[in-house]
Amino acid sequence: MSAAGDVQFTLELEPESEYRVMIDEVSAGAMRTNLSGKLSVSAELNPEERAAVKVVKC
């Protein structure tokens with residue numbers, strides 16, 4: 001992903017499940033989806049910086 005600044009996105013995944021989020025190969029920790037399977041992720045980026053995001057079910 002790339003953006004002019006901070007970025008936030010929402011994924012629709014399996015409800016009430018835990019996922020590990022990696023941003024540029026650095027762990028952002030484990031996050032849990034809600035009842036509808038939504039997982040919201042945000043990242044602080046410098047202008048025009050790119051970041052690779054990986055989400056893996058635990």
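Where a number appears in this text, it was derived from the coordinates with a stated rule and is not lab data. Every value quoted in this text rests on a predicted model; they were computed, and no experiment measured them. All Cβ positions, even for glycine, are placed from backbone atoms using ideal geometry, and neighbour counts span all protein chains on display.
A few comments on the model shown:
- Identification of strands (runs of 3 or more DSSP E) wholly contained in the chain with 1 or more residues that are out of contact with any Ser or Thr (no Cβ under 9 Å at 6 or more places or on another chain) and surrounded by 12 or more Cβ atoms within 10 Å (Cβ to Cβ) yields 18-23, 26-32, 38-43, 53-57.
- Hey, E44 touching a residue at least 40 places away in the same chain (Cβ under 8 Å) and either touching a Pro at 6+ places or on another chain (Cβ under 9 Å) or of a type outside the set (K, R) (or both) or not: no
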